[in-house]
1. Among the residues of segment 467-506 satisfying the criterion of being under 18 Å from GLY417 (Cα atoms) and among the small types (Gly, Ala, Ser), which is nearest to the chain's Cα centre (by Cα)?
2. Of these, ALA255, ALA232, ALA270, ALA266, which one is of a type outside the set (S, T, N, Q) and open to solvent by less than 40 Å² (accessible area, probe 1.4 Å)?
3. Would you confirm whether any residue within segment 394-404 is touching a Gly at 6+ places or on another chain (Cβ under 8 Å) and either more than 28 Å from LEU242 (Cα to Cα) or not in a strand (DSSP E or B) (or both)?
4. Which condition number does PHE212 fail, the rest of (1) crowded, with 17+ Cβ neighbours inside 10 Å; (2) part of a loop (DSSP other than H, G, I, E, B) being met?
5. If you check VAL123, VAL141, which single one turns out to be of a type outside the set (Phe, Trp, Tyr), part of a loop (DSSP other than H, G, I, E, B) and either at pLDDT 90 or above or closer than 14 Å to LEU197 by Cβ (or both)?
6. Please name all residue pairs, on different chains or six or more residues apart, with Cβ atoms under 6 Å, provided the first residue is in segment 208-230 and is within 16 Å of ALA72 (Cβ to Cβ) and the second residue is outside any helix (DSSP H, G or I).
7. Sort through VAL581, VAL538, VAL565, VAL570 and tell me the only one that's open to solvent by less than 10 Å² (accessible area, probe 1.4 Å), β-branched (Val, Ile, Thr) and either in contact with a helix residue (DSSP H, G or I) (Cβ under 9 Å, 6 or more places away or on another chain) or at pLDDT 90 or above (or both).
Amino acid sequence: MTTEVGSDDVLDTLLPELARDKGMLVVAPHGTVNTGTVHGDQRYAVTDSPAPGGPGVPPVRQGPVRAKDLRAARRRFARPPGYTAGLDALGSGVLFVVGPPGTGRQTLALNLLAHGRAEPVLVQIDGAVDLAHWRPRSRGVHGYLVMNLADPLSLRHWDVTRLEEELEKVGARLVVVLRGTPDLARAVEERLDVRVLRHRPPDPQEVFSLHFASLCPDAQERARRRRKVGQAALAALLPPGLPPGKAVRVAEALAGPGPDGRPTAAGLTAGLAAAEAARLVSAADDAPALPAHLFSVCVHQGLGRNTVLGRAAELLALIRAHHAPDAPPEPPQRSGEASRPALALPGPAGSGAAGWPAPTSAAPDLPADIGAMCAVREDGDGNGALTFLWPAVGEAVWDEVCRERPDWLPLLHVWLGAAGDEEQAERAGRAMAAVAERTAGRSLGLLADLLRTGPQTAAEVAGRALAASSRRSPAAATAHALLEEWSGAPEPALRTAVVAACRPDTDGLPAEAAMRLLWRVLDALGDDDAAAATAFLVSGTLLRRFAAGAPGTRETIVRDLAVWVRTEDVAGLLAALTFPVLVAEEHDWFGDRLAAGQEAADQVVALVCAALDEASAYPAMRDALLMWCAGAAGGPERERRLEALFARLVDRRRPGFLRLLMSLERAPQTTPGKALAERSLTRWRGGPGPAAADPSA
């Protein structure tokens, strides 16, 4: 490094302990001296002693600010909101700046110190320095910068007063940058009796415009590139709160390709997201808490901040459990699973978590590496929703992980399977499907063991993942094969996952495929308690699909239920029990079906007859028909359709319908449908064909 000050000046800027022992120092004004230590894989760190320090001893980073670095900080500088206030406060000689990393704190500090001077000489002091004993050098330096002071609350207000006096004597100023919170800012103000500048990043649009104009001087070319990308895409890439460095990246990316290869909106967004995802994933090696928080934001972005941090803490705990010492050997492969993908779920706690960084305590907040690219927005319930400033980063992370860190996937699936509620399960299933798409379906091989050994929520998450994967071509074949296999599997958890895949909100399986899979699930049921629970889930799925479905979906459900009801099995009973609920919710729609043709009308009549004939379904079907009668009163067209339904039921001459007519005959005059029932009963008694036995006899 080429210095801009003499050797004596350099000595004056060092720690007092080093300055007292000058035999430890080598000064090379125009040379390079390697006095650092190498730790691990060629990472260079300057230290404050010839030998590496002990645990917790930070490296010293101090010395003159290079002229080229200062020029870069001053060139294209976009003044943040607090710049003028910072200049005023710096008039005392000392200014404390508080703000999160990555928001331009250092650039702001350098510009404050250099303000009003063409060629200032600035020196950076390491944050480990004890400012209570630090002294500015006697001449030649215009400003000092301390980044991330280790313990600002160890100072006293008289220490600051002394610093102000000594800085005034030598004509210099000092800016102390703190990586803190508003609580720290208040504590510093009260304890040291100083003014603290709460840094807010500059407008990313302004930062972008300044750098883009410098990188692409031709105004017409800039306009063409902007038009190619579109104002909406640029606005999405430059949201409020975006760190200045990211706004510069947008400018560099937009100015990068030549005139014949101007970036498109999709290309620009994808490229920036991919670069950011690669940075975050690679940073996990040095920040063990980062991957847990990164995955939690990727999966849950848009949900509450507490949800994101809570799920991240759960993943950290899972990693810690699988990093336990004295790991037992891997369990042997089950017979018959030779064709399973190479991926496998981790063994019991203590069997290790290969590839994951060593666990640390759960961070109370997002690590700085990812926090700078996240924003908290109000979600309407008073709980700030946390999301990426560039939402596309979430999808890009799955690309990077599947390509560079596939060994993370088994443990990641264990964590995803433990979703806390329905909304989290939907997000987790979507994440599993995203991974399956990028692994061509191989990661779906992890789901069977997850369902066998994981929590109950894993079935819903896996079902959602299979449904979403079924419409993503690289993984679709595997997803459909698993759904077919599991719909007839003996394990209840596998069948439950198939039922979850058939839900309407998964938006994956068409109605025909869902009805066929549900029938296979019912056909595989036994007589145990798990069978009853599964049948209940199937019934709920049918109701949800019918309520949320388009007319075509509803027609498919009714058509298949009319087939099921003819069987003497669980599917037939379930169809009879479910149909009355559908009629109670949508009797007008069923009235339209009666007028839609012979086949459609026959399906409705068959289902009504079956429900009335089934003792356990009779009360619900009776009540649904009474509600239909009450809703049709006063509507000529509705009354005609209901009259036609009762006439068809009379022709069928089923005992359940006769039971209904007899009960209505004895009911009070105000009972809905009583007159219609009396007319139907008269036709029944005088009509052709054998009459069914009177159930009241």
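1. So the residue we want is ALA468.
2. ALA255
3. No, segment 394-404 contains no residue that is touching a Gly at 6+ places or on another chain (Cβ under 8 Å) and either more than 28 Å from LEU242 (Cα to Cα) or not in a strand (DSSP E or B) (or both).
4. (2)
5. So the residue among VAL123, VAL141 that is of a type outside the set (Phe, Trp, Tyr), part of a loop (DSSP other than H, G, I, E, B) and either at pLDDT 90 or above or closer than 14 Å to LEU197 by Cβ (or both) is VAL141.
6. Cβ pairs passing all conditions: LEU210/ARG76; LEU210/ALA78; HIS211/ARG76; SER214/ARG76.
7. VAL538
Residue by residue, here is whether (1) open to solvent by 50 Å² or more (accessible area, probe 1.4 Å); (2) within 26 Å of ALA433 (Cα to Cα) holds:
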position: ASP505; (1), (2): yes, yes
position: ALA514; (1), (2): no, yes
position: VAL521; (1), (2): no, yes
position: ALA530; (1), (2): no, no
position: ALA533; (1), (2): yes, no
position: ALA548; (1), (2): yes, yes
position: THR553; (1), (2): no, yes
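The values are calculated or read from the model by the stated rules, or taken from the named source; none is laboratory data. Keep in mind that what you see is a predicted model, and the values were worked out from it rather than measured. Using ideal geometry, Cβ is built from the backbone for each residue, glycine included, and neighbour counts are taken over all protein chains shown. Note: accessible area is taken over every heavy atom of the protein model, side chains too, but ligands, DNA and RNA are not part of it. Shrake-Rupley method; radii C 1.70, N 1.55, O 1.52, S 1.80 Å.
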